[in-house]
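Chemist: Before anything else, here's the structure in question.
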Amino acid sequence: MKIWVDADACPTVIKDILFKAAERTKIHTTLVANHHLRIPPSSVIHFMQVGSGFDIADDEIVKRVEKNDLVITADIPLADEVISKSGIALSPRGELFTKENIKSVRPGFGLHPKYLKDILGKKADKNLNIGDRIKLI
């Protein structure tokens, strides 16, 4: 088991708790962010800086997470992807994400929220009805 932290938006107080827990339990913990973070010197605490951009850190975590790894995130789409890979997703407040409560937070089975930026503010070339499929070009 490893711990992955979506560190861009993770509160400092939570990171400090995670540092102490990682040292105490000796569980490898990696913070992933698109800006530099200070971490304490440790053989079990690591930092991975990724490029800036929408969901770059999330995508890196999803690429690396394995079954039973723990991911700390407030990002519901990331939590959903972690769960689909048999990982465990926990909010910084300690709330466990599950398939059931993610669906209640993000109802429907339409467009994944990470693609909203690709369509918001754009005009459709035809009238759309509820439930119509759209193709992103």
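Chemist: Among E66, E81, E100, which one shows the biggest mean-square fluctuation in a GNM of the chain, springs joining Cα atoms closer than 10 Å?
Modeler: With Cα springs under 10 Å in the chain, the top fluctuation among E66, E81, E100 is at E100.
Chemist: Return the tail of the calculated pair distribution for the stretch 20-90, meaning the percent of Cα-Cα pairs more than 19 Å apart. Spell out each step's value before the answer.
Modeler: Numbers: 899 of 2485 pairs.
The share of Cα pairs beyond 19 Å in the stretch 20-90 comes to 36 percent.
Chemist: What's the percent breakdown of Cα-Cα distances in the stretch 62-105 across 5 Å bins, shortest bin first?
Modeler: Here the calculated profile for the stretch 62-105 is 6, 28, 38, 22, 6, 0.
Chemist: Also: Relative to the Cα centre, what is the charge dipole magnitude of the stretch 1-116, using +1 at the beta carbon of each Lys and Arg, -1 at the beta carbon of each Asp and Glu, and rounding to the nearest 20 debye?
Modeler: Values: 15 positive and 15 negative charges, 62 e Å.
Computed charge dipole of the stretch 1-116: roughly 300 debye.
Chemist: Same structure, new question: Between helix 12-25 and the chain, what is the angle of the helix's C-alpha long axis to the longest principal axis, kept within 0 to 90° and rounded to the nearest 10?
Modeler: Approximately 50 degrees, to the nearest 10.
Chemist: Still on this structure: Would you please give the FRET efficiency between H36 and D125, computed as 1/(1 + (r/R0)^6) with r the Cβ-Cβ distance and R0 = 41 Å, to the nearest 0.05? Each step should come with its number before you reach the end.
Modeler: On the way: r = 43 Å, r/R0 = 1.05.
With a Förster radius of 41 Å, E is 0.40.
Chemist: Return the subset of K85/K123; K63/K122; K20/K63; K20/K99; K63/K99; K26/K67 for which the Cα-Cα distance in this structure is over 24 Å, preserving the input order.
Modeler: Values: K85/K123 35 Å; K63/K122 30 Å; K20/K63 26 Å; K20/K99 29 Å; K63/K99 20 Å; K26/K67 19 Å.
From K85/K123; K63/K122; K20/K63; K20/K99; K63/K99; K26/K67, over 24 Å: K85/K123; K63/K122; K20/K63; K20/K99.
Only the coordinates and a few stated rules stand behind these numbers; no lab work does. Owing to the predicted nature of the structure, the values given are computational and were not obtained by experimental measurement. Quick reminder, even Gly has a Cβ in these numbers, built from the backbone with ideal geometry, and neighbours come from all protein chains shown.
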